Structure formats: structure tokens, C-alpha cells
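This report refers to the structure that appears directly beneath it.
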Ligand code: MN3
């Protein structure tokens, strides 16, 4: 790499954001931080801005702006507030790569701004592709904005595809850890608490994605993500449980040859690959010790224990705005579960009801997507309120 790549991190205080900064910390000669944004962790944001000498920092929760401005007084970082500022600043000429690490649907608007400005998008925010994959990928094509996945499975597929040389893919094998409840029976899962669900066996991630992993909605999202990123029909995407999380995903060619990407589970590897692509740089992560690992095991996913996975397939099959409906209902339900307001299987129950009741739109515009998200979140919140009584 000739000159330093200038990075904007949307969601810099979250799990992916802090790990992105750790990668940059190890490669200061290659990257510099132009923009950091977060929702409300104002102290950490200011600390990061100082450490990395960021040019701009945005706090999305505008109430906290005076605090950020105070903390950044006498520094070189300019303080801003609100999602509109995020959308303006990602489009700046001083940004080369935008790391989309916001949680949930809220990542859609700024990701689209970055795409419109033709930035390289290092995408971790999977809800963006779940809710509006058709629009996001066609805009990316139109504006010549490459999307490089950070999600470990999709990074693995992306890496495997470097061997394709124009050949057709017969199948994508999308691996899943199975989450903390893989070996639990249904009765026990029914009574699972948020603390049980937050104990992911292999990955250290944010709360929302960890709950999504425990319901396997996360894998449903990732099927949708794979469909849009790699332009493959869902019939070619096979979900396989691989509890050690060592194989991050595989592709199969028509001659039966399978390419897999393996590494110890550490999100900094796919993050670094996305930031440095096509260059691979050293990383201070744990390396594979195959003799110590001994074996890798595989299982079929259990659709009965994990109905969210089936709902995701249903949503893809119905298409249009239905994946957006599913995502909005899931965001409300997961937030309620994290506040101990509903039980574990209420999550798929709420999603399924919203998918039945919400108005289906075959070819949604971006406005339709934002409307669907708002309407369904209200619908799901009303259901949650009723359940509590
Ligand atoms: Mn993943």
C-alpha cells in the first residue's frame, strides 16, 4: 500500500469497532482514522478520537453533544452530533474505507451515503443487507462501491472465491457454531434466560448478535447476506453446524472440489483482511494448531429447536419487504428479551406474527423499507406490551 488508507468507523465503540481500532493500532503505517461515530458511549469515543488523532467524531445521540464537545476541547478532533452528520462525513473526500459496524437497521442510512459516494465498504452490519439487500447491492454496483464483508462466514467465502478464476460455484457451505443451546433440548431452551443466551461458546460479540446467534436468526440473516453479496440463489446455500467455529465457511465447485477458509475464531482476522485487501498483513492472533484441535465435527441444523432459521428461509422465499419485516420484528423482540420482558421462544413467535400481519410489498422502494421498519417495530412493541400484562 502506497499511502495510508483513511478509515471511517461507524459504530467505533462496539465490538467490531474496538477490534477494528486494534487492527489499526498494529498497522499505524498503513491506516489512519478519519472519522469515528457511536450512538452514546461518549467517553470511549473521545478517548478513541484522542488515541488515533481522528479528524472527526460524531455522537449519534444528540443530547450528548455538549459532553463530547467538552471532552474534545483542545484536540484536533472536530465534534459533531446526529445521524445526518454521519451521513455527510462518510461521503467526504478524506475517507477511503467505511467500516459499517453499527448495530441493526440504523446502519442502513449511513451505509447508503457511503455507497453513493463510491467508498470501499467494509461491511459488518448485516441488517443492512437483510432489510434492503436488493437496493444496497444495486446501488453499490451503480456507484462502483465495492462491498467487502467483515462477517466471518462471508469473509471466508470471499477469500475462497479468490480461487474461482471465473468458474461457477455449485454450493456455498455456510458454517454455524449452533450457539449456546445446540445441545439443549427444547423444554430447557424454552426457559433460557438472557444470561444463558449471552454465553456464546466461541465468539466474543455484541449483545444483539449474540442473542441472534442463540436463536440462529443470525444464520438466517447470513443466508440472506450471502445471497446478495455473492449473487447466489438460496437453493445453493447450505447451512451446516460446525461447533468448533474453525471452518468459517466453504465453497464447492461443480467438480465437487471444496475450498474452505480456516482460522482460530477472532474477528480481527476478517476485519484486517477487509481493511488491507488484497494485501495480507501479520496479526497477533492465535494461530491454528491442528494436532491440538484433533477433530472438526459437523451436524445438520435443527429447525424445530430453532424456528428463527425457518422464518428466515420463509422471508427470503416471499421476498420483497418481508425480510425487512422479519428484521424489524426481531430487533424489537431481541431488545425486549435483553430487558427480561419476554421469553426465549417469544422471539420467533413475535417475528412470525409480524410476518403474517404486515403489509407485503413485492418491489419495495427505499421509502417503503423505512416505512416497513417503523410500522413493524410499532406492531412488535405492541405485542410485547400485551404479553407482559
Ligand atoms: Mn457471522
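The values are calculated or read from the model by the stated rules, or taken from the named source; none is laboratory data. Owing to the predicted nature of the structure, the values given are computational and were not obtained by experimental measurement. Ideal geometry is used to build each Cβ from the backbone, glycine not excepted, and the neighbour counts take in all protein chains shown.
Which count do you get for residues in the range 232-241 that are outside any helix (DSSP H, G or I) and without any contact (Cβ under 8 Å) to a residue 12 or more places away in the chain?
If we filter the range 232-241 for residues that are outside any helix (DSSP H, G or I), which is where we start, we get 232-233, 237-241.
Subsequent filtering for residues that are without any contact (Cβ under 8 Å) to a residue 12 or more places away in the chain retains 233.
Count: 1.
Filter the range 229-245 down to the residues that are more than 10 Å from residue 176 (Cα to Cα) and within 15 Å of the ligand (Cβ to nearest atom), then identify the one that is surrounded by the most Cβ atoms within 10 Å (Cβ to Cβ).
So the first thing to find is which residues in the range 229-245 are more than 10 Å from residue 176 (Cα to Cα), and the list is 229-238.
Within this subset, residues satisfying the condition of being within 15 Å of the ligand (Cβ to nearest atom) are 229-230, 237.
Working: 229: 24, 230: 17, 237: 22.
Restricting to residues being more than 10 Å from residue 176 (Cα to Cα) and within 15 Å of the ligand (Cβ to nearest atom), the top hit is 229.
Could you please let me know if residue 223 is surrounded by 19 or more Cβ atoms within 10 Å (Cβ to Cβ), within 15 Å of the ligand (Cβ to nearest atom), in a helix (DSSP H, G or I) and at pLDDT 95 or above?
Yes, satisfied.
Does any residue of the range 206-217 turn out to be at pLDDT 95 or above and outside any helix (DSSP H, G or I)?
yes
Can you tell me which of (1) touching a helix residue (DSSP H, G or I) at 6+ places or on another chain (Cβ under 7 Å); (2) under 30 Å from residue 28 (Cα atoms); (3) within 13 Å of the ligand (Cβ to nearest atom) is the one residue 212 doesn't meet?
Result: residue 212 passes all but (2).
Looking only at residues that are within 13 Å of the ligand (Cβ to nearest atom) and closer than 30 Å to residue 325 by Cα in the range 246-265, which one is surrounded by the fewest Cβ atoms within 10 Å (Cβ to Cβ)?
Looking at the filtered set, the residue picked out is 248.
Is there any pair with a first residue in the range 123-144 that is closer than 14 Å to residue 106 by Cα and a second that is modelled with pLDDT of 95 or more and surrounded by fewer than 16 Cβ atoms within 10 Å (Cβ to Cβ) whose Cβ atoms are under 8 Å apart and which are 6 or more apart or on different chains, and what are they?
Close Cβ pairs satisfying both conditions: 132/366.
Could you go through the range 57-65 and let me know if any residue there is part of a helix (DSSP H, G or I), at pLDDT 95 or above and within 21 Å of the chain's Cα centre (by Cα).
No, the range 57-65 contains no residue that is part of a helix (DSSP H, G or I), at pLDDT 95 or above and within 21 Å of the chain's Cα centre (by Cα).
What's the number of the condition residue 185 fails, among (1) within 23 Å of residue 102 (Cα to Cα); (2) more than 25 Å from the chain's Cα centre (by Cα)?
Among (1) within 23 Å of residue 102 (Cα to Cα); (2) more than 25 Å from the chain's Cα centre (by Cα), residue 185 violates only (1).
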